[in-house]
Amino acid sequence: MLRRRPEYLPPPRELKKVAIVGTGVIGAGWAALFIAKGYKVVAFVRSQGSKDKFMKALEESYYKFVARGIAKDPNGYKAVSCVLNLAECVGDADYVQESVVEDLGTKQHIIQDIDNFAPPHVIIGSSTSFIPLSLLRARAKRRPARVAIAHPSIPQWDAFCEVLGSTPEVTNWLAELYGWGSGSGITGLGMDVVRMKCEQHGHVLNTVTQFNILACTGLVRTGVCDIAAFDVAFTHFCRLGLAAGGIGGLFRLVGGGSSEAAKDLMTDIVIGTPLGKSTAMASSILPGFLLRPAIWIMQVWWWPVQLFKGITKRIVSWLYRPIFEEWDDSVAGICDFNNMTLNQVVALEALAADRKQQLLIKDYGGKTRTRSESNVA
């Protein structure tokens, strides 16, 4: 929850009409998903040109929901209506999904306007990718407590949303809306939902994304690998993480399913990091005849660090305790985890092989062959 408790805002018990403010890629995805789930959807557009552009993006987004089995009627997107007046758009809405550009001034201004025009009970969910909630609602004067974070990955491509309200009750209500519903007037969107506990620049998803992008650019810029090589490594990281059930599962795999083995491995990695980083740096700047003595000196310097291995392991155990506590270290628990992960690996490798086969179907002239023709060739 947020550090400072704002005024209490009871969430609405029933949802029928959703207002979409911001009609780019994300806004079009939200509009398509809400209409596919049976809500009445109205979008705010600034001009006829904006409407035409939005309707094209909406059609493309809706098609993806049809392909994913979420939408049934191929023409269902046509039920989305557009208005040129913001007050008209949000004035009788039951919920507002804001998805304008990720510019602080623009976000604050449009949320201030929505706050002025929307009914008092209506929650305003923002798709902001990075802006913390307190900063996002700073200019809202009427009911700032109803402004909330409802940030997706890309709705038409992926069923993920992270939410944070001004109170735990609002956060839980948002989780029901974007998740599997409440069974009492709110139809869930069927997404995997992360309920954030406090504010974070970039929230959860984009904090993870930023770290990976920084790792990629760092490795490429320092000459360790190129983009294609990083993508291969990243793809396998994601595949193994998916098979193992997330980052905690990855930790468990490298320890053979045992938390103690994982702690030992992480302790060795932490202990060896100063020497490893120093060696990599030295190898990039020193000539060969100086590198060997430099490595010898660094190893002599590094040797006493091993004396702190016990302390380091205790720190590692404390740092990663939230991950280790989720594990079942019994023989049966380890066996079940390994079997589950292996089954997922087999399935994912089959999908990867199928994708490679499809890519090989194209011949050098850009024409498409059937799979049997490709096999014959």
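The values are calculated or read from the model by the stated rules, or taken from the named source; none is laboratory data. Small disclaimer: the values here were computed from a predicted structure and weren't measured. Cβ sites come from the backbone with ideal geometry, for glycine too, and all protein chains shown count toward neighbours.
The figures follow:
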{"item": "Cβ-Cβ under 6 Å pairs, at least 6 apart or on other chains, segment 276-298 side within 19 Å of THR222 (Cβ to Cβ), far side outside any helix (DSSP H, G or I)", "result": "ALA294/LEU286"}
{"item": "From the options LYS72, LYS56, LYS51, residue that is among the charged types (D, E, K, R), more than 24 Å from the chain's Cα centre (by Cα) and surrounded by 13 or more Cβ atoms within 10 Å (Cβ to Cβ)", "result": "LYS51"}
{"item": "Per-region count, segment 77-110, residues part of a helix (DSSP H, G or I), among the β-branched types (Val, Ile, Thr) and in contact with a strand residue (DSSP E or B) (Cβ under 6 Å, 6 or more places away or on another chain)", "result": "1"}
{"item": "The lone exception for ASP336 - which of (1) under 26 Å from ARG239 (Cβ atoms); (2) modelled with pLDDT under 90; (3) surrounded by 10 or more Cβ atoms within 10 Å (Cβ to Cβ); (4) over 26 Å from the mean Cα position of the chain (by Cα) it fails", "result": "(2)"}
{"item": "Residue check, LYS64 out of contact with any Asp or Glu (no Cβ under 6 Å at 6 or more places or on another chain) and exposed (fewer than 15 other Cβ atoms within 10 Å of the Cβ)", "result": "no"}
{"item": "Only one of LEU205, LEU253 that is touching a residue at least 24 places away in the same chain (Cβ under 8 Å) and closer than 21 Å to PHE324 by Cβ", "result": "LEU253"}
{"item": "Which listed residue is touching a helix residue (DSSP H, G or I) at 6+ places or on another chain (Cβ under 6 Å) and small (Gly, Ala, Ser), from GLY185, GLY181, GLY241", "result": "GLY241"}
{"item": "Segment 75-112, residues that are surrounded by fewer than 20 Cβ atoms within 10 Å (Cβ to Cβ), free of Cβ contacts under 8 Å to residues at least 40 places away in the same chain and under 22 Å from the mean Cα position of the chain (by Cα)", "result": "GLU102, ASP103, LEU104"}
{"item": "Subset of segment 151-175 [over 17 Å from SER134 (Cα atoms), buried (at least 24 other Cβ atoms within 10 Å of the Cβ) and among the aliphatic types (A, V, I, L, M)]", "result": "LEU174"}
